[in-house]
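Student: First the structure, which I've put down as C-alpha coordinates, then a few questions once you've had a look.
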Amino acid sequence: MHIDGKHYHTIWVKEDDSKIIQVIDQRLLPFRFGIYDLKTVEDTYFAIREMIVRGAPLIGVTAAYGMYLALLEFTGGDLKKHLHEKADYLKSSRPTAVNLAFAVDQMVDFVLEHRLVDDLAGKTLQKANQLKASEIDFGDKIGETGLTIIEELYKKKGDTINILTHCNAGWLACIDWGTATAPVYKAHLQGIPVHVWVDETRPRNQGARLTAYELGQEGVPHTVITDNTGGHLMQHGLVDMVIVGSDRTTINGDVANKIGTYLKALAANDNSVPFYVALPSSTFDPDLEDGIRDIPIEERNAAEVAEIEGWDGSETRTVRLIPEKSKVANFGFDVTPARLVTGLITERGLCEANKQSIQYLFPEFKK
Ligand code: MRU
(Lines give C-alpha, C1' and ligand atoms only; values in the text may rest on other atoms or scores of the structure.)
Protein backbone atom coordinates (compact mmCIF):
# COMPACT_ATOMS: atom_id res chain seq x y z
CA MET A 1 0.00 0.00 0.00
CA HIS A 2 1.06 3.61 -0.30
CA ILE A 3 2.31 6.53 1.72
CA ASP A 4 2.40 9.75 -0.28
CA GLY A 5 2.25 7.66 -3.44
CA LYS A 6 5.25 5.49 -2.54
CA HIS A 7 4.73 1.77 -2.05
CA TYR A 8 5.63 0.49 1.41
CA HIS A 9 5.54 -2.64 3.49
CA THR A 10 5.46 -2.19 7.26
CA ILE A 11 8.70 -4.16 7.73
CA TRP A 12 11.72 -4.92 5.56
CA VAL A 13 15.40 -5.86 5.67
CA LYS A 14 17.67 -2.79 5.38
CA GLU A 15 18.86 -2.54 1.81
CA ASP A 16 22.61 -2.31 2.48
CA ASP A 17 22.77 -4.19 5.79
CA SER A 18 20.96 -7.49 6.23
CA LYS A 19 21.68 -7.40 9.97
CA ILE A 20 19.20 -4.57 10.41
CA ILE A 21 15.43 -4.87 10.13
CA GLN A 22 13.49 -1.68 9.51
CA VAL A 23 9.90 -0.92 10.44
CA ILE A 24 7.54 2.01 10.09
CA ASP A 25 7.30 3.64 13.53
CA GLN A 26 3.52 3.54 14.03
CA ARG A 27 3.66 5.62 17.21
CA LEU A 28 4.25 8.67 15.05
CA LEU A 29 1.44 8.27 12.52
CA PRO A 30 -0.47 10.11 11.17
CA PHE A 31 1.38 13.26 12.18
CA ARG A 32 4.90 12.23 11.29
CA PHE A 33 6.54 9.42 9.34
CA GLY A 34 9.60 7.67 10.74
CA ILE A 35 11.54 4.45 10.34
CA TYR A 36 12.83 2.49 13.33
CA ASP A 37 15.80 0.12 13.19
CA LEU A 38 15.79 -3.28 14.89
CA LYS A 39 19.34 -4.46 15.51
CA THR A 40 18.89 -6.76 18.49
CA VAL A 41 16.33 -9.04 20.11
CA GLU A 42 15.88 -6.33 22.75
CA ASP A 43 15.04 -3.77 20.06
CA THR A 44 12.48 -6.23 18.72
CA TYR A 45 10.92 -6.77 22.15
CA PHE A 46 10.80 -3.02 22.70
CA ALA A 47 9.21 -2.38 19.27
CA ILE A 48 6.44 -4.91 19.92
CA ARG A 49 5.90 -3.93 23.57
CA GLU A 50 5.78 -0.19 22.86
CA MET A 51 3.64 -0.68 19.76
CA ILE A 52 6.13 0.78 17.31
CA VAL A 53 4.80 -2.21 15.40
CA ARG A 54 1.40 -3.60 16.26
CA GLY A 55 -1.39 -5.70 14.77
CA ALA A 56 -1.35 -9.47 15.02
CA PRO A 57 0.21 -10.39 11.63
CA LEU A 58 2.88 -7.69 11.87
CA ILE A 59 3.72 -8.62 15.46
CA GLY A 60 4.24 -12.22 14.29
CA VAL A 61 6.49 -11.29 11.38
CA THR A 62 8.50 -8.83 13.51
CA ALA A 63 9.07 -11.55 16.08
CA ALA A 64 10.19 -13.90 13.29
CA TYR A 65 12.87 -11.39 12.30
CA GLY A 66 13.61 -11.04 16.02
CA MET A 67 14.49 -14.74 16.12
CA TYR A 68 16.81 -14.20 13.15
CA LEU A 69 18.49 -11.45 15.19
CA ALA A 70 18.63 -13.92 18.11
CA LEU A 71 20.61 -16.30 15.93
CA LEU A 72 23.02 -13.51 14.95
CA GLU A 73 23.52 -12.82 18.66
CA PHE A 74 24.49 -16.43 19.37
CA THR A 75 28.15 -16.58 20.37
CA GLY A 76 28.50 -20.27 21.13
CA GLY A 77 27.31 -22.79 23.70
CA ASP A 78 23.87 -24.36 23.78
CA LEU A 79 21.98 -23.08 20.72
CA LYS A 80 18.70 -24.70 21.73
CA LYS A 81 18.79 -23.09 25.18
CA HIS A 82 19.70 -19.72 23.68
CA LEU A 83 16.84 -19.85 21.16
CA HIS A 84 14.29 -20.95 23.74
CA GLU A 85 15.29 -18.12 26.09
CA LYS A 86 14.96 -15.53 23.32
CA ALA A 87 11.70 -17.09 22.15
CA ASP A 88 10.19 -16.88 25.65
CA TYR A 89 11.41 -13.31 25.99
CA LEU A 90 9.81 -12.24 22.70
CA LYS A 91 6.60 -14.14 23.44
CA SER A 92 6.28 -12.23 26.72
CA SER A 93 6.17 -8.88 24.90
CA ARG A 94 2.40 -9.01 24.25
CA PRO A 95 0.02 -11.79 25.30
CA THR A 96 -3.12 -11.71 23.14
CA ALA A 97 -2.06 -11.96 19.47
CA VAL A 98 -1.34 -15.64 18.83
CA ASN A 99 0.62 -14.85 15.66
CA LEU A 100 3.54 -13.97 17.91
CA ALA A 101 3.95 -17.46 19.41
CA PHE A 102 3.12 -19.09 16.07
CA ALA A 103 5.90 -17.24 14.23
CA VAL A 104 8.49 -17.58 17.01
CA ASP A 105 7.90 -21.33 17.31
CA GLN A 106 8.24 -21.80 13.56
CA MET A 107 11.55 -19.94 13.60
CA VAL A 108 12.94 -21.95 16.53
CA ASP A 109 11.97 -25.23 14.81
CA PHE A 110 13.52 -24.05 11.56
CA VAL A 111 16.86 -23.09 13.10
CA LEU A 112 17.13 -26.27 15.14
CA GLU A 113 16.29 -28.43 12.13
CA HIS A 114 18.84 -26.65 9.93
CA ARG A 115 21.57 -26.05 12.50
CA LEU A 116 24.13 -28.05 10.52
CA VAL A 117 23.59 -26.44 7.10
CA ASP A 118 25.88 -23.85 5.51
CA ASP A 119 24.91 -20.23 5.89
CA LEU A 120 22.38 -20.86 8.64
CA ALA A 121 21.94 -17.12 9.21
CA GLY A 122 21.16 -16.49 5.54
CA LYS A 123 18.67 -19.35 5.47
CA THR A 124 17.04 -18.16 8.69
CA LEU A 125 16.63 -14.72 7.20
CA GLN A 126 15.02 -16.33 4.15
CA LYS A 127 12.61 -18.18 6.45
CA ALA A 128 11.56 -14.90 8.09
CA ASN A 129 11.19 -13.36 4.61
CA GLN A 130 8.95 -16.31 3.66
CA LEU A 131 6.72 -15.77 6.68
CA LYS A 132 6.44 -12.13 5.66
CA ALA A 133 5.60 -13.10 2.07
CA SER A 134 2.92 -15.53 3.18
CA GLU A 135 1.24 -12.86 5.33
CA ILE A 136 1.13 -10.60 2.26
CA ASP A 137 -0.38 -13.43 0.26
CA PHE A 138 -2.95 -14.10 3.02
CA GLY A 139 -4.02 -10.45 2.97
CA ASP A 140 -4.36 -10.52 -0.81
CA LYS A 141 -6.52 -13.66 -0.71
CA ILE A 142 -8.60 -12.42 2.24
CA GLY A 143 -9.24 -9.37 0.08
CA GLU A 144 -10.49 -11.54 -2.81
CA THR A 145 -12.79 -13.56 -0.51
CA GLY A 146 -14.20 -10.43 1.11
CA LEU A 147 -14.62 -8.77 -2.26
CA THR A 148 -17.21 -11.37 -3.29
CA ILE A 149 -19.33 -10.44 -0.25
CA ILE A 150 -19.12 -6.73 -1.04
CA GLU A 151 -19.95 -7.44 -4.70
CA GLU A 152 -23.09 -9.35 -3.64
CA LEU A 153 -24.20 -6.51 -1.39
CA TYR A 154 -23.56 -3.99 -4.15
CA LYS A 155 -25.60 -6.03 -6.66
CA LYS A 156 -28.56 -5.87 -4.28
CA LYS A 157 -28.18 -2.29 -3.14
CA GLY A 158 -26.82 -0.61 -6.28
CA ASP A 159 -25.41 2.17 -4.15
CA THR A 160 -22.42 2.89 -1.92
CA ILE A 161 -21.64 0.07 0.49
CA ASN A 162 -21.10 1.38 4.01
CA ILE A 163 -18.66 -0.74 5.97
CA LEU A 164 -17.90 -0.28 9.64
CA THR A 165 -14.51 -1.37 10.91
CA HIS A 166 -13.10 -1.23 14.42
CA CYS A 167 -9.49 -0.42 15.25
CA ASN A 168 -6.76 -0.91 12.67
CA ALA A 169 -6.80 -4.23 10.93
CA GLY A 170 -5.37 -2.54 7.89
CA TRP A 171 -2.10 -2.91 6.02
CA LEU A 172 -0.33 -1.17 8.89
CA ALA A 173 -1.38 -4.03 11.20
CA CYS A 174 -0.12 -6.52 8.63
CA ILE A 175 2.49 -6.12 5.94
CA ASP A 176 0.38 -5.12 2.98
CA TRP A 177 -3.38 -5.14 2.17
CA GLY A 178 -4.50 -5.77 5.77
CA THR A 179 -7.15 -8.18 6.94
CA ALA A 180 -10.38 -6.20 7.52
CA THR A 181 -9.36 -3.52 5.03
CA ALA A 182 -8.19 -5.88 2.26
CA PRO A 183 -11.74 -6.43 0.88
CA VAL A 184 -12.32 -2.68 1.06
CA TYR A 185 -9.21 -1.95 -1.00
CA LYS A 186 -10.11 -4.65 -3.52
CA ALA A 187 -13.64 -3.25 -3.89
CA HIS A 188 -12.33 0.29 -4.23
CA LEU A 189 -9.88 -0.84 -6.94
CA GLN A 190 -12.76 -2.57 -8.78
CA GLY A 191 -14.69 0.70 -8.83
CA ILE A 192 -17.36 -0.43 -6.34
CA PRO A 193 -18.33 2.63 -4.30
CA VAL A 194 -17.43 1.95 -0.68
CA HIS A 195 -17.44 4.17 2.38
CA VAL A 196 -15.89 3.16 5.68
CA TRP A 197 -17.06 4.15 9.16
CA VAL A 198 -13.84 4.22 11.17
CA ASP A 199 -13.73 3.81 14.93
CA GLU A 200 -11.55 2.86 17.89
CA THR A 201 -11.16 6.34 19.13
CA ARG A 202 -10.16 5.13 22.60
CA PRO A 203 -7.98 4.03 24.27
CA ARG A 204 -5.29 4.22 21.59
CA ASN A 205 -7.12 5.92 18.74
CA GLN A 206 -5.93 3.33 16.28
CA GLY A 207 -9.00 3.76 14.11
CA ALA A 208 -8.82 7.52 14.23
CA ARG A 209 -5.07 7.70 13.74
CA LEU A 210 -4.10 4.67 11.68
CA THR A 211 -7.13 3.37 9.77
CA ALA A 212 -8.21 6.88 8.77
CA TYR A 213 -4.63 7.58 7.66
CA GLU A 214 -4.21 4.49 5.52
CA LEU A 215 -7.64 4.72 3.92
CA GLY A 216 -6.94 8.38 3.15
CA GLN A 217 -3.62 7.48 1.53
CA GLU A 218 -5.46 5.03 -0.77
CA GLY A 219 -8.26 7.50 -1.55
CA VAL A 220 -10.99 5.42 0.12
CA PRO A 221 -13.91 7.57 1.35
CA HIS A 222 -14.24 7.25 5.13
CA THR A 223 -15.65 8.98 8.19
CA VAL A 224 -14.21 8.81 11.69
CA ILE A 225 -16.79 8.21 14.41
CA THR A 226 -16.49 7.86 18.14
CA ASP A 227 -16.60 4.34 19.53
CA ASN A 228 -20.15 4.77 20.77
CA THR A 229 -21.65 5.76 17.41
CA GLY A 230 -21.83 2.38 15.65
CA GLY A 231 -25.12 1.26 17.22
CA HIS A 232 -26.88 4.47 16.25
CA LEU A 233 -25.67 4.16 12.65
CA MET A 234 -26.87 0.57 12.46
CA GLN A 235 -30.32 1.47 13.81
CA HIS A 236 -30.62 3.99 10.99
CA GLY A 237 -29.60 1.65 8.16
CA LEU A 238 -26.27 3.39 7.66
CA VAL A 239 -24.10 0.28 7.96
CA ASP A 240 -24.33 -2.49 5.34
CA MET A 241 -21.72 -4.71 6.92
CA VAL A 242 -19.10 -4.78 9.66
CA ILE A 243 -15.63 -6.19 9.00
CA VAL A 244 -13.13 -6.40 11.83
CA GLY A 245 -9.82 -8.17 12.26
CA SER A 246 -8.74 -10.54 15.00
CA ASP A 247 -5.80 -11.05 17.32
CA ARG A 248 -6.72 -14.62 18.18
CA THR A 249 -9.64 -16.82 17.14
CA THR A 250 -10.39 -20.14 18.82
CA ILE A 251 -11.21 -23.36 17.02
CA ASN A 252 -14.86 -22.76 17.93
CA GLY A 253 -14.83 -19.34 16.28
CA ASP A 254 -14.68 -17.04 19.32
CA VAL A 255 -12.86 -13.89 18.26
CA ALA A 256 -10.50 -11.77 20.34
CA ASN A 257 -10.09 -8.33 18.87
CA LYS A 258 -9.50 -4.76 20.04
CA ILE A 259 -11.59 -3.77 23.03
CA GLY A 260 -15.05 -2.64 21.95
CA THR A 261 -15.44 -5.17 19.13
CA TYR A 262 -17.93 -7.21 21.18
CA LEU A 263 -20.21 -4.20 21.57
CA LYS A 264 -20.17 -3.67 17.79
CA ALA A 265 -21.10 -7.32 17.31
CA LEU A 266 -24.02 -6.99 19.73
CA ALA A 267 -25.31 -3.92 17.94
CA ALA A 268 -24.88 -5.61 14.55
CA ASN A 269 -26.78 -8.67 15.77
CA ASP A 270 -29.62 -6.55 17.13
CA ASN A 271 -29.92 -4.73 13.80
CA SER A 272 -29.38 -7.72 11.46
CA VAL A 273 -26.20 -6.19 10.07
CA PRO A 274 -23.73 -8.89 8.89
CA PHE A 275 -20.69 -9.02 11.14
CA TYR A 276 -17.59 -10.50 9.47
CA VAL A 277 -14.16 -11.20 10.89
CA ALA A 278 -11.21 -11.20 8.47
CA LEU A 279 -8.21 -13.19 9.59
CA PRO A 280 -5.30 -15.25 8.26
CA SER A 281 -4.63 -18.84 9.35
CA SER A 282 -1.81 -17.52 11.55
CA THR A 283 -4.41 -15.88 13.83
CA PHE A 284 -6.28 -19.11 14.64
CA ASP A 285 -5.44 -20.80 17.91
CA PRO A 286 -6.51 -24.40 17.28
CA ASP A 287 -5.60 -25.34 20.87
CA LEU A 288 -8.25 -23.12 22.45
CA GLU A 289 -11.98 -23.83 22.56
CA ASP A 290 -13.61 -21.16 24.70
CA GLY A 291 -12.35 -17.67 23.93
CA ILE A 292 -13.92 -15.90 26.89
CA ARG A 293 -12.40 -18.36 29.32
CA ASP A 294 -9.10 -19.10 27.62
CA ILE A 295 -7.77 -16.14 25.61
CA PRO A 296 -5.36 -14.01 27.67
CA ILE A 297 -6.46 -10.40 27.58
CA GLU A 298 -3.72 -7.81 27.75
CA GLU A 299 -4.06 -5.07 30.34
CA ARG A 300 -2.18 -1.99 29.32
CA ASN A 301 -0.77 1.12 30.86
CA ALA A 302 -3.21 3.43 32.69
CA ALA A 303 -1.74 6.41 30.87
CA GLU A 304 -3.47 5.31 27.65
CA VAL A 305 -6.80 6.04 29.33
CA ALA A 306 -5.79 8.85 31.66
CA GLU A 307 -4.08 10.86 28.93
CA ILE A 308 -4.44 11.60 25.25
CA GLU A 309 -1.87 12.44 22.61
CA GLY A 310 -2.54 14.82 19.74
CA TRP A 311 -0.95 17.22 17.29
CA ASP A 312 -0.90 20.91 18.14
CA GLY A 313 0.08 22.06 14.67
CA SER A 314 3.82 21.72 15.12
CA GLU A 315 4.40 18.87 17.55
CA THR A 316 2.65 16.02 19.37
CA ARG A 317 1.58 16.79 22.91
CA THR A 318 0.10 14.65 25.63
CA VAL A 319 -2.50 16.01 28.01
CA ARG A 320 -4.29 14.56 31.02
CA LEU A 321 -7.99 13.72 30.66
CA ILE A 322 -9.17 12.49 34.05
CA PRO A 323 -8.85 13.54 37.70
CA GLU A 324 -5.42 12.76 39.02
CA LYS A 325 -6.59 10.39 41.74
CA SER A 326 -9.11 8.35 39.72
CA LYS A 327 -8.27 4.72 39.09
CA VAL A 328 -8.05 3.37 35.56
CA ALA A 329 -8.71 -0.03 33.98
CA ASN A 330 -7.34 -0.60 30.50
CA PHE A 331 -8.18 -3.93 28.89
CA GLY A 332 -6.75 -4.09 25.39
CA PHE A 333 -9.06 -6.70 23.87
CA ASP A 334 -12.41 -8.39 24.27
CA VAL A 335 -13.88 -11.62 22.96
CA THR A 336 -16.84 -11.76 20.58
CA PRO A 337 -18.58 -15.12 20.91
CA ALA A 338 -18.88 -17.14 17.72
CA ARG A 339 -22.70 -16.91 17.76
CA LEU A 340 -22.43 -13.19 16.91
CA VAL A 341 -20.11 -13.73 13.93
CA THR A 342 -21.72 -14.03 10.47
CA GLY A 343 -18.61 -15.46 8.86
CA LEU A 344 -14.83 -15.70 8.92
CA ILE A 345 -13.06 -14.30 5.87
CA THR A 346 -9.82 -16.25 5.46
CA GLU A 347 -7.16 -16.82 2.81
CA ARG A 348 -8.83 -20.13 1.97
CA GLY A 349 -12.31 -18.70 1.62
CA LEU A 350 -15.30 -17.88 3.78
CA CYS A 351 -16.34 -20.14 6.63
CA GLU A 352 -18.76 -20.16 9.50
CA ALA A 353 -17.50 -19.42 12.99
CA ASN A 354 -17.65 -22.99 14.27
CA LYS A 355 -15.26 -25.88 14.67
CA GLN A 356 -16.61 -28.01 11.82
CA SER A 357 -16.46 -25.23 9.28
CA ILE A 358 -13.02 -23.98 10.41
CA GLN A 359 -11.56 -27.51 10.32
CA TYR A 360 -13.08 -28.09 6.89
CA LEU A 361 -11.05 -25.16 5.50
CA PHE A 362 -8.04 -25.88 7.71
CA PRO A 363 -7.77 -29.66 8.17
CA GLU A 364 -4.36 -29.15 9.77
CA PHE A 365 -6.18 -27.78 12.84
CA LYS A 366 -7.71 -31.20 13.53
CA LYS A 367 -6.20 -32.93 16.56
O1 MRU B 1 -1.51 -4.73 18.27
P2 MRU B 1 -2.77 -3.97 18.46
O3 MRU B 1 -3.21 -3.83 19.88
O4 MRU B 1 -2.78 -2.68 17.72
O5 MRU B 1 -3.76 -4.95 17.75
C6 MRU B 1 -5.02 -4.63 17.75
C7 MRU B 1 -5.54 -4.49 16.42
O8 MRU B 1 -5.01 -3.78 15.62
C9 MRU B 1 -6.67 -5.24 16.18
O10 MRU B 1 -7.39 -5.71 17.22
C11 MRU B 1 -6.85 -5.81 14.85
O12 MRU B 1 -8.16 -5.82 14.53
C13 MRU B 1 -6.26 -7.18 14.72
S14 MRU B 1 -4.74 -7.16 13.94
C15 MRU B 1 -5.10 -7.39 12.26
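Student: Report D for region 2-134 in µm² per second (integer): Stokes-Einstein, Kirkwood Rh on Cα pairs, 4 °C, 1.567 mPa s.
Tutor: 87 µm²/s
Student: A further question follows. Hydropathy at least 1.0 by Kyte-Doolittle, axial extent at least 15 angstrom from the Cα trace: which helices of the chain, defined as entire DSSP H runs, fit?
Tutor: Length and hydropathy pass: 56-73.
Student: What are the semi-axes of the equivalent ellipsoid for region 145-365, taken as the square roots of 5 times the Cα gyration tensor eigenvalues, largest first, in whole Å?
Tutor: Taking √(5λ) for each Cα gyration eigenvalue gives 27, 23, 16 Å.
Student: A further question on this structure: Quick one: order Glu315, Glu347, Glu73 from most to least accessible surface, probe 1.4 Å.
Tutor: My answer, sorted largest first, is Glu315, Glu73, Glu347.
Student: May I ask you to rank Arg202, Arg209 by accessible area, largest first, using a 1.4 Å probe over the protein chains only?
Tutor: Per-residue accessible area, sorted high to low, gives Arg202, Arg209.
Student: Taking amide hydrogens as modeled 1.01 Å from N in the peptide plane, which residues meet the under 5 Å criterion relative to Ile3, leaving out close sequence neighbours?
Tutor: Tyr8
Student: Check the straight Cα-Cα distances from Lys156 and name the lysines below 27 Å, setting aside those fewer than 8 residues away within the same chain.
Tutor: Partners within reach: Lys141, Lys186, Lys264.
Student: Here's something else I'd like to know. Provide the solvent-accessible area of Lys157, counting protein heavy atoms only and rolling a 1.4 Å probe, rounded to the nearest 10 Å².
Tutor: About 80 Å², ignoring ligands and nucleic acids.
Student: Which value, in Å² and to the nearest 10, is the accessible area of Lys6 when all protein chains are kept and the probe is 1.4 Å?
Tutor: That residue has around 120 Å² of solvent-accessible surface.
Student: Continuing with this model, one more query. With a 1.4 Å probe and all protein chains kept in place, how much accessible area does Ser134 have, in Å² rounded to the nearest 10?
Tutor: Surface open to solvent at Ser134 totals about 40 Å².
Student: Right, another one. Can you sort Phe275, Phe365, Phe46, Phe74 by solvent-accessible area, 1.4 Å probe, largest first?
Tutor: Ranking Phe275, Phe365, Phe46, Phe74 by accessible area, largest first, yields Phe46, Phe74, Phe365, Phe275.
Student: Another question about this same structure. Near Lys19, which lysines are there with a Cα under 25 Å away, not counting those fewer than 8 places off in the same chain?
Tutor: In chain and number order, the partners are Lys6, Lys39, Lys80, Lys81, Lys86, Lys91, Lys123, Lys127, Lys132.
Student: May I pose another question? In deg cm²/dmol, rounded to 500, what helix-only [θ] at 222 nm does the chain give when every DSSP H run of at least 4 residues adds -39500 (n - 2.57) and the total is split over its residues?
Tutor: -11500 deg cm²/dmol
Student: How far, in nm, would the chain grow between Glu85 and Thr226 when pulled straight, counting 0.36 nm per residue and subtracting the alpha carbon separation?
Tutor: Fully extending the segment from Glu85 to Thr226 adds 46.6 nm.
Student: Let me ask you something else. Once you place label points 7 Å from the Cα toward the Cβ at Gln356 and Phe33, how far apart are they in nm?
Tutor: A separation of 5.0 nm, rounded to one decimal place.
The values are calculated or read from the model by the stated rules, or taken from the named source; none is laboratory data. Computed from a predicted model, the values in this text were never measured in an experiment. Positions of Cβ are backbone-derived with ideal geometry, glycine not excepted, and every protein chain shown enters the neighbour counts. Accessible surface is based on the protein model in full, side chains and every heavy atom, while ligands, DNA and RNA are left aside. Shrake-Rupley method; radii C 1.70, N 1.55, O 1.52, S 1.80 Å.
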